[in-house]
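The values are calculated or read from the model by the stated rules, or taken from the named source; none is laboratory data. Bear in mind the structure is a predicted one, so any value in this text is a computation, not a measurement. Here the Cβ positions follow ideal geometry from the backbone for every residue, glycine too, while neighbour counts run over all protein chains shown. Just so you know, the surface numbers come from the protein's heavy atoms only, side chains and all, with ligands and any DNA or RNA stripped out. Shrake-Rupley method; radii C 1.70, N 1.55, O 1.52, S 1.80 Å.
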Amino acid sequence: MRYRCEATSVSGLIQQLAVGYVGRGYFFYVVGNVPEGKDPRGIDEKLIAKYRVNLSKAARSRRKGLGYANVQYIRYGETFVILATPGKHEFFLEEASQIRDAREIPIKLFGYAVSYRAGHPHVRIEQSRYLELKAYFSDLAVHRSVETLRREFGRLPFEPYAPVRSQLHCILREVNRGRKLAQFELLPSSCLRTRRRVLRPF
């Protein structure tokens with residue numbers, strides 16, 4: 001059985017991390033990068049074999065029942081993430097110094113932050129990136145036309161998960177606050193995309 005691990009896009013990677021893994025109890029994680037000059041697919045094979053990632057659903061279920069952890073692996077470009085459920089596994093020994101818990105520290109990748117809150121996966125724009133965007137759009141607010149600003153919002157690469165939508169609406173309100181003070185035309189909320197695309201991650 002071939003284990004699919006190479007995501008075809010950032011959006012696909014984030015979707016699989018949040019919905020497919022963190023949302024299903026894979027809270028413990030390590031983020032790594034393929035060493036320069038190494039074949040990424042060779043690294044995939046090595047880590048998948050090392051942590052016995054390529055297991056059937058039935059095997060994973062049996063391991064869970066015996067108190068053992070299960071592990072997943074995903075990569076996009078040169079960046080990979082190894083994730084594990086609670087339980088016993090050599091992953092926790094081998095990666096002890098680097099392991100983080102998504103319930104406490106979000107997985108920060110490509111401007112996103114993926115965590116687990118109140119029983120659900122939580123995807124938002126990573127805070128420093130969000131503040132950069134807010135400052136950028138605030139600066140443009142009274143120096144660009146409605147159409148130009150609409151295009152700028154349309155270029156944003158973030159999928160509109162509920163927390164992301166909330167952040168983007170905050171930026172839009174900041175833009176309109178500045179434009180209102182300057183007595184400029186306000187931007188409609190329709191300039192923000194509200195429906196998330198459901199992607200094939202691999």
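Key figures
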quantity	calculated
Pairs, first farther than 24 Å from Ala96 by Cβ in the range 36-55, second of a type outside the set (Phe, Trp, Tyr) and open to solvent by less than 50 Å² (accessible area, probe 1.4 Å), C-beta under 8 Å, six or more apart	Pro40/Val34; Pro40/Arg75; Pro40/Gly77
Residues of the range 106-118 that turn out to be surrounded by fewer than 19 Cβ atoms within 10 Å (Cβ to Cβ), of a type outside the set (A, V, I, L, M, F, W, C) and either closer than 21 Å to Asn33 by Cα or at pLDDT below 95 (or both), as a count	2
Filtered residue count, the range 57-85, keeping only those that are over 21 Å from Glu36 (Cβ atoms), within 25 Å of the chain's Cα centre (by Cα) and in a loop (DSSP other than H, G, I, E, B)	3
Residues located in the range 6-25, provided they are in contact with a strand residue (DSSP E or B) (Cβ under 7 Å, 6 or more places away or on another chain), under 16 Å from Tyr161 (Cα atoms) and either surrounded by fewer than 22 Cβ atoms within 10 Å (Cβ to Cβ) or among the hydrophobic types (A, V, I, L, M, F, W, C) (or both)	Val10, Leu13, Ile14, Leu17, Ala18, Val19, Val22, Gly23
Arg195 being in a loop (DSSP other than H, G, I, E, B) and more than 25 Å from the chain's Cα centre (by Cα)	no
Among the residues listed as Arg144, Arg103, the single one being of a type in the set (Lys, Arg) and either surrounded by fewer than 17 Cβ atoms within 10 Å (Cβ to Cβ) or within 28 Å of Val53 (Cα to Cα) (or both)	Arg103
Some residue of the range 104-124 being without any contact (Cβ under 8 Å) to a residue 60 or more places away in the chain, within 12 Å of Val30 (Cβ to Cβ) and not aliphatic (A, V, I, L, M)	no
Qualifying residue in the range 119-140 (condition: out of contact with any Leu (no Cβ under 6 Å at 6 or more places or on another chain), among the charged types (D, E, K, R), farther than 30 Å from Gln183 by Cβ and not in a loop (DSSP other than H, G, I, E, B))	yes
Verdict on Phe92 being part of a helix (DSSP H, G or I), in contact with an Asp or Glu (Cβ under 9 Å, 6 or more places away or on another chain) and open to solvent by less than 60 Å² (accessible area, probe 1.4 Å)	no
Flag if Ala69 is of a type outside the set (Val, Ile, Thr), open to solvent by less than 20 Å² (accessible area, probe 1.4 Å) and more than 28 Å from Arg165 (Cα to Cα)	yes
Out of Arg150, Arg129, Arg165, sole residue that is among the basic types (Lys, Arg), under 22 Å from the mean Cα position of the chain (by Cα) and under 12 Å from Arg193 (Cβ atoms)	Arg165
Among the candidates Leu187, Leu172, residue that is more than 27 Å from Gln16 (Cβ to Cβ), in a loop (DSSP other than H, G, I, E, B) and open to solvent by less than 20 Å² (accessible area, probe 1.4 Å)	Leu187
Lone unmet requirement of (1) under 24 Å from Ala7 (Cα atoms); (2) more than 14 Å from the chain's Cα centre (by Cα) for Tyr116	(2)
